[in-house]
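Quick notes on the structure that follows.
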Amino acid sequence: MGILTRYIEETVMSMISLKCPSCGAPVELGFGKTRGYCEYCGMMVKEEMSEAEAARSERNGEFLEAVKASMSCIESNDYESAIKYANKAMESLSTDPAPSLIKFVAYLDSDLKKARSAYSVGHNLLDQRQSVAMDDDQYRSVLNAFVRNYLAARAKDINRSFLALRKMGPDDLQNIRNYEYRKKIEDYLGFPEVKEAMCQAASDCIDVCEGNLKLSGSLDAGSWTSLKGARDRDVFRVLSTVFIDPTVAPRVTSYVQRYVDAMGLKWESMAKSGQINASKDQIKTYRYESEICLKWLRKYY
């Protein structure tokens, strides 16, 4: 059974069943909803509630909105705001596991102790009830977003290292990888759902980047545009997937080899004639970076 597999059952149990005053057809209002529309005649149906029930329904609606906002913040790499919205959701409904699980993900990058605490609270709540705000797929989406953000950050680290070091080598890349593994990745792998998300996100990243690299095998503006796009957006991100899942190294090596082979063409002549917008130094830098990346993969993987 998945982490939140009884989500549908819990949601159905929390739905309110009413009758349409116009045609008599059944109308179901979802969790946190006080009004809806008849599927048969289109009339609006509103639940009659006491003051206490109305207040509770309002809190439920606020809870759902806060959970939705916190998940969106994870997607946009705004973990601080994700935590704030998750805390707000907990104020409205403290027994639902979703806010704690979201806080777990949000804290992973900055405070492992707090992440473990939120993880424990979230899973303890899951033993008592399932979330009415976040199902299995949504939780996986939150985890995958976190890993995508992590890969993007590591790609920036690699790029900065190439800029900072006058002569970057395969051992330098391995040192970056080892540092990340000791600092974060080793701990991440201790959480089963994070480990699963890492493997999935790594594979998805490579799929996307492989599709982006469109090469004709000859000197033409289209291939150069693809190469430049790969260098600016994909190459270091693909490389970082090996940090979190070494089993993808053969696919990454194949990707980088394609890039290296294409960079080996005489792009300088295209630049000199004005057929591509590039400088000799830029081409030389791209070529050098890709060759170091390939040497790293071959030496360590």
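The values are calculated or read from the model by the stated rules, or taken from the named source; none is laboratory data. What you are looking at is a predicted structure, and each value in this text was computed from that prediction instead of being measured. When we count neighbours, we look across all protein chains shown, and the Cβ atoms used for this are built from the backbone with ideal geometry, even at glycine. Keep in mind that these areas ignore ligands, DNA and RNA; they rest on the heavy atoms of the full protein, side chains included. Shrake-Rupley method; radii C 1.70, N 1.55, O 1.52, S 1.80 Å.
Charge dipole (Cα centre; +1 on Lys/Arg Cβ, -1 on Asp/Glu Cβ; no other charges) of the chain amounts to roughly 1640 debye.
Computed over the chain with a Gaussian network model linking Cα atoms closer than 10 Å, the most mobile of Leu239, Leu227, Leu143 is Leu227.
Considering only Met43, Met270, Met168, the mean-square fluctuation computed in a Gaussian network model of the chain, springs between alpha carbons under 10 angstrom, is largest for Met43. With only the Cα atoms considered, the chain has a convex hull volume of 173 Å³ per residue. Structural descriptor for the stretch 179-300: relative contact order 25 percent, calculated from alpha carbon pairs under 8 angstrom and at least 6 residues apart.
Solvent-accessible area of the stretch 193-301 (1.4 angstrom probe, protein heavy atoms only): carbon and sulfur portion equals 52 percent. Placing +1 on each Lys and Arg Cβ and -1 on each Asp and Glu Cβ, with no other charges, gives the stretch 188-301 a dipole about its Cα centre of roughly 500 debye.
Maximal additional length on extending the Glu291-Ser141 stretch stands at 50.6 nm, based on 0.36 nm per residue less the C-alpha distance.
Modelled this way, with points 7 Å down the Cα-to-C-beta line, the labels at Ser76 and Phe162 are 3.0 nm from one another. Between Ile276, Ile158, Ile83, the Gaussian network model of the chain with springs among Cα atoms under 10 angstrom shows the greatest mean-square fluctuation at Ile276. Treating the angle as unsigned and between 0 and 90°, give the value, to the nearest 10°, between the Cα long axis of helix 170-180 and the longest Cα principal axis of the chain. Here the helix axis deviates by roughly 20 degrees. Between Arg298 and Ser216, the FRET efficiency estimated from the beta carbon spacing at R0 = 35 angstrom works out to 0.85. Quick one: grab the alpha carbon gyration tensor of the stretch 49-153, order the square roots of its eigenvalues as a ≥ b ≥ c, and give me rounded if a/c is under 1.5, else prolate or oblate depending on whether a/b is larger than b/c. Note, shape of the stretch 49-153 comes out prolate. Take the alpha carbon gyration tensor of the stretch 179-300, find the square roots of its eigenvalues, order them as a ≥ b ≥ c, and report rounded if a/c is under 1.5; if not, report prolate when a/b exceeds b/c, else oblate. In terms of gyration-tensor shape, prolate.
Taken along the Cα-to-beta-carbon direction at a fixed 7 Å, the label points for Asp232 and Ser110 span 3.1 nm.
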